[in-house]
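Report on one structure; see the data block that follows.
The values are calculated or read from the model by the stated rules, or taken from the named source; none is laboratory data. On a predicted model such as this, the values are computed, not experimentally measured, just so you know. Neighbour counts run over all protein chains shown; Cβ positions are idealised from the backbone, glycine included.
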Amino acid sequence: MTRVTPHVTHEVLNQVPPLVGYDVADDPALEAALRRESAGGGPELHELGSRAGSAEVQELARLANEHPPVLRTHDTRGNRIDEVEFHPAWHELMATAVGHGLHAAPWLEPAPGAHVARAARFYVWSQAEAGHGCPISMTYASVPALRHEPGLAERFGPLLASRSYDPGLRAPDGKAGLLAGMAMTEKQGGSDVRAGTTRAVPVGDGGYLLTGHKWFCSAPMCDLFLVLAQAPEGLTCFLLPRVLPDGTRNAVRIQRLKDKLGNRSNASSEVEYDAAFAWRVGDPGRGVTTIIDMVSATRLDCVIGSAAAMRQACVTAVHYAGIRRSFGAVLADHPLMASVLADLALESEAATTLAIRLAGAADRAARGDAAEAALLRLALPAAKYWVCKRTPIVAAEALECLGGNGYVEDSGMPRLYREAPLNSIWEGSGNVTALDVLRALARSPGSADALLAETDLAAGGDQRLDIAFTRLRDELKGAAAAMEGAGEVGPGQGQYRARRLAGLIAVTLQASLLVRHSPAAVADAFCASRLGSEPSAGPAEPFGTLPDGVDLPPVLDRARVAVRG
């Protein structure tokens, strides 16, 4: 027989290998911020970072998203079971997250900086796969709300903080570890949770029966859910178990799973409660007050998760452009591409630095620091508004750096792009969080002083920043004057300026932090490009339009990582 030689048309050249085999925690902005917060990552952070950057975990992320959860309403004999089936890759990702304490573990760790260390781990591991961060974040945020009911906190707090991942529907008291979700919004209300119509009827001993519908209930296989419902006294917070203490299923009916733009590894559902049992949490009629700390914690995770997405997008683009060649040179050596990459690196570093500073404020506020609590009250909704808004733009620009290859699923960029808008919507979309900035000014007068005290620490460090300080003071005074005697969030003119004010707060605070803590080239480039003469809180131009004279190489170095092998 004649041996047939395969026909080869060409040799594969100039294709960039996948970004695998690197330490995600190899991040100078993150490491510097942790040193300032006295919460060094240590071996555990870098162990997690190496795992997040491994080919094995990137394959788990792909599988978890290409095989999304499936709803099983009934078993093979017609019994109602209301279970969601996840791919094994999801469970592996979850087990790592829980095992490293990314959920509620810091609440039971007495050492200062525990919440900052947890924020750093959440930031690093989110770059492996973002979808499973939803139940992790909600579990983290559930503990402050539960503390309004000490008996429930004592009963379930240690299990929520346990580093044992124990999936499956069983009585919560008998499991090795618990996860918590929340169900607040209804189809007629959305962000207006006070418009909820789910009813809660008391049955004695702190128990209630809930009947109604929830339009969004993410991660419905969690063990416990914080739910808002209308008790006789008004809107009240409840803790609802999926399985009752006697081992029987609670009357929670999963109607369908949402077919979402992104976040596809995570199940988001609509649920019906048919006289489902729940315990009251906090005072009757004070549901919003009870959950406000939970909202703050999840908003912080939105900022951290968005900063993580920016970093992942930026590092991927820099890696690709550092190898791919065009027109006789490496992409990153072309001046215009270098400008784009440096601009992305600036946005990423500013987001990371701000996120860890806010995590530090949250850590100290949880330990009774009133000044840090005041700063957090104003800076957090502003950061949530701005950083989450910038993430889709960063993802799109980074994807474009890969050209057509970035538009192909194999690159990982399409999944990142689809995921990018989520944090801007979750826990209050842009208008909600911007208006919350005005609400903080009206209800927490010390918050403005705390913000100005923080930004003033960089006074004299950069002339452009000093001008921005003056503009920020004027805007805060103007917003306060517009709201005087005008109700909860101010009259029309006060509301109209809410987005501008939120953006100005976030960008000025970012610039202040960079001037104080980042290399001179980074701080100079950020101030030159973000602190324009107009109070728009950021440049309107596309990325890559940095001013003349910016020192690009030191900025780009902040986004380069070492790949092993």
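When PHE238 is tested against (1) within 28 Å of the chain's Cα centre (by Cα); (2) surrounded by fewer than 24 Cβ atoms within 10 Å (Cβ to Cβ); (3) not in a loop (DSSP other than H, G, I, E, B), only condition (2) is not met. Does segment 468-482 include one or more residues that are crowded, with 17+ Cβ neighbours inside 10 Å, at pLDDT below 90 and not β-branched (Val, Ile, Thr)? Checking segment 468-482: at least one residue is crowded, with 17+ Cβ neighbours inside 10 Å, at pLDDT below 90 and not β-branched (Val, Ile, Thr). Going by the structure shown, is ASP557 at pLDDT 85 or above, within 24 Å of GLN463 (Cβ to Cβ), of a type in the set (Asp, Glu) and surrounded by 15 or more Cβ atoms within 10 Å (Cβ to Cβ)? Answer is no for this residue.
Quick check: anything in segment 413-423 aliphatic (A, V, I, L, M) and without any contact (Cβ under 8 Å) to a residue 40 or more places away in the chain? For segment 413-423, residues aliphatic (A, V, I, L, M) and without any contact (Cβ under 8 Å) to a residue 40 or more places away in the chain: absent.
Among the residues of segment 343-356, is any touching a Gly at 6+ places or on another chain (Cβ under 9 Å), among the hydroxyl-bearing types (Ser, Thr, Tyr) and either modelled with pLDDT of 95 or more or in a helix (DSSP H, G or I) (or both)? Within segment 343-356, none of the residues are touching a Gly at 6+ places or on another chain (Cβ under 9 Å), among the hydroxyl-bearing types (Ser, Thr, Tyr) and either modelled with pLDDT of 95 or more or in a helix (DSSP H, G or I) (or both). Mind listing whichever residues of segment 153-177 are in a loop (DSSP other than H, G, I, E, B) and within 10 Å of ALA104 (Cα to Cα)? Within segment 153-177, SER162, ARG163 meet the criteria. Taking (1) over 20 Å from the mean Cα position of the chain (by Cα); (2) part of a helix (DSSP H, G or I) in turn, PRO17 satisfies each apart from (2).
Just one of the numbered conditions (1) part of a helix (DSSP H, G or I); (2) touching a Cys at 6+ places or on another chain (Cβ under 9 Å) is not true of MET182: (1). Checking each residue in segment 57-83 for being surrounded by fewer than 22 Cβ atoms within 10 Å (Cβ to Cβ) and in a strand (DSSP E or B) picks out VAL70, LEU71, ARG72, THR73, HIS74, ARG80, ILE81, GLU83.
Taking the criterion of being surrounded by 15 or more Cβ atoms within 10 Å (Cβ to Cβ) and among the basic types (Lys, Arg), the residues of segment 13-56 that qualify are ARG36, ARG51.
Restricting attention to segment 40-81, the residues being at pLDDT below 95 and under 19 Å from ALA97 (Cα atoms) number 5. For segment 257-265, does any single residue satisfy the condition of being part of a strand (DSSP E or B) and either over 30 Å from PRO542 (Cα atoms) or within 17 Å of the chain's Cα centre (by Cα) (or both)? Yes, that holds for at least one residue.
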